[in-house]
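The values are calculated or read from the model by the stated rules, or taken from the named source; none is laboratory data. For clarity, every value in this text was computed on a predicted model and none was experimentally measured. Ideal geometry is used to build each Cβ from the backbone, glycine not excepted, and the neighbour counts take in all protein chains shown.
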Amino acid sequence: MPSTKEGIEYKKENTLENLISFVDEKTGLIGKPKKVESFVVDLDESNFDEVVGDPKNHVMVLFYAPWCGHCKKLMPTYEKVANTFHKEKNIIIARVDCPANDSLNTRYRIGGYPTVYFFEANKRNENPVSYSEGRDEITFVRYLNEKCGTHRLPGGGLDNSAGRDPEIDKLVRKYILTDHPVEKSDLRNFIRRFSIDKKDRSTQFYFKIVEKIEKNGRDFIFKEYERVKKILAKLKVEEQFYDDFKTRLNILEVFRSSANEAIELEKQASKEGNIPPKPVTSDIPASTTSEASEATPKAHEEL
């Protein structure tokens, strides 16, 4: 039997608050929108120069008007971009309500909305770069990675290059492949020097791995790679230790791929009768699930 109910047309602006208000009014229920944390920094005439003028900060600023339809359409994507980069201490994703901050509107000659400017660190904030690329999340993230030297993925993860240094990668490969004691010692010292000179947590990790290999043998690479991989699989992108374990895994991959290359070369040489084969134990079973599920802070300190 056909329904005799008549629908009520919704004529308000399509916002979450308006929809909830409409349903409340018609049903008598009380709905509450879920509070979503925003990582977009609101700038105005009182704090703009302090934030944008800080030479340590890369700042992307969206100049918008609350009534602008294109601005409303862009805002959810812009929020996602801010979420992606919120762990980067020197990258700020910000916005300015232009009608409410007319002096900033005039200062940067905003002729239409939305307008996006990128203020590069260590550059005068009077000469920003106009962002004229795509307004999708992937394009924003790619642009900021290129400008800021970061390795973020949409959603806040890290790509497989994060934490790695191309020059040290080359030294690691040579270190793993050589059997010459003097050359190995020289390469070890080069890796140590680079790790110290860079004064960066991820590059220092390279030399820590070298020290562990010298103490525990080449098999340490494979065991540690599997251990870190299992821990990382249990971490969410937003968790405290995610970035650290992801960069560790990326660096361990350099050692692992070099060790696999060395093993293949040894097998080939053995077939050709040039050298006796070295014992290969890279297929040792990975750590058990219970080992990998130990408290993350403890695992974080092991290496």
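Does Ala100 satisfy being touching a Pro at 6+ places or on another chain (Cβ under 9 Å) and in contact (Cβ under 8 Å) with a residue 24 or more places away in the chain? When the stated conditions are applied, Ala100 passes them. When Val81, Val40 are checked against the criterion of being in contact with a Lys or Arg (Cβ under 9 Å, 6 or more places away or on another chain), at pLDDT 70 or above and of a type in the set (Val, Ile, Thr), Val40 stands alone in meeting it.
Quick check on this structure: which one of Met60, Met75, Met1 is of a type in the set (A, V, I, L, M, F, W, C) and modelled with pLDDT under 95?
Testing whether each residue is of a type in the set (A, V, I, L, M, F, W, C) and modelled with pLDDT under 95 leaves just Met1.
Out of all the residues in the range 167-177, which are of a type in the set (Lys, Arg) and in contact (Cβ under 8 Å) with a residue 60 or more places away in the chain? Within the range 167-177, just Arg173 meets the criteria. Restricting the range 259-278 to residues that are at pLDDT below 80 and touching a helix residue (DSSP H, G or I) at 6+ places or on another chain (Cβ under 8 Å), the residue that is surrounded by the fewest Cβ atoms within 10 Å (Cβ to Cβ) is Pro276. When the range 118-144 is filtered for residues that are buried (at least 18 other Cβ atoms within 10 Å of the Cβ) and among the aliphatic types (A, V, I, L, M), the ones remaining, listed by number, are Val141, Leu144. Counting only helices (runs of 4 or more DSSP H) wholly contained in the range 73-180, the ones carrying 2 or more residues that are touching a Leu at 6+ places or on another chain (Cβ under 6 Å) occupy 166-177.
Would you check if there is a residue in the range 108-116 being modelled with pLDDT of 95 or more and of a type in the set (S, T, N, Q)? Taking every residue of the range 108-116 in turn, at least one turns out to be modelled with pLDDT of 95 or more and of a type in the set (S, T, N, Q).
Among the conditions (1) modelled with pLDDT under 95; (2) of a type in the set (A, V, I, L, M); (3) loosely packed, with under 15 Cβ neighbours inside 10 Å; (4) within 17 Å of the chain's Cα centre (by Cα), Ala233 misses just one, which is (1).
The rows are residues; the columns are (1) under 16 Å from Glu146 (Cα atoms); (2) surrounded by 20 or more Cβ atoms within 10 Å (Cβ to Cβ); (3) among the hydroxyl-bearing types (Ser, Thr, Tyr).
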site	(1), (2), (3)
Asp49	no, no, no
His58	yes, yes, no
Gly69	no, no, no
Glu79	no, no, no
Asn83	no, yes, no
Lys89	no, no, no
Ile92	yes, yes, no
Ile110	no, no, no
Val116	no, yes, no
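Of the residues making up the range 210-241, just one is of a type outside the set (A, V, I, L, M, F, W, C) and in contact with a Gly (Cβ under 8 Å, 6 or more places away or on another chain), namely Glu238.
Pairs meeting the criteria (first residue in the range 140-166 and under 19 Å from Leu235 (Cβ atoms), second residue small (Gly, Ala, Ser) and surrounded by fewer than 18 Cβ atoms within 10 Å (Cβ to Cβ), beta carbons under 6 Å, at least 6 apart or on different chains) are His151/Ser161. From the list Phe194, Phe222, Phe245, the one residue that fits, being aromatic (Phe, Trp, Tyr), in contact with a helix residue (DSSP H, G or I) (Cβ under 7 Å, 6 or more places away or on another chain), in a helix (DSSP H, G or I) and surrounded by fewer than 19 Cβ atoms within 10 Å (Cβ to Cβ), is Phe194.
Going by the structure shown, is Ser202 surrounded by fewer than 18 Cβ atoms within 10 Å (Cβ to Cβ), in a helix (DSSP H, G or I) and not assigned by TED's automatic domain parsing to the domain that holds Lys56? Answer is no for this residue.
Going by the conditions given, is Glu211 at pLDDT 95 or above and part of a helix (DSSP H, G or I)?
Considered against the rule, which asks whether it is at pLDDT 95 or above and part of a helix (DSSP H, G or I), Glu211 comes out as yes.
Restricted to the range 158-206, and to residues there that are in contact with a Ser or Thr (Cβ under 9 Å, 6 or more places away or on another chain) and polar (S, T, N, Q), the residue that is nearest to Asn250 (Cα to Cα) is Ser202. All of (1) surrounded by 13 or more Cβ atoms within 10 Å (Cβ to Cβ); (2) assigned by TED's automatic domain parsing to the domain that holds Arg256 hold for His180 with one exception: (1).
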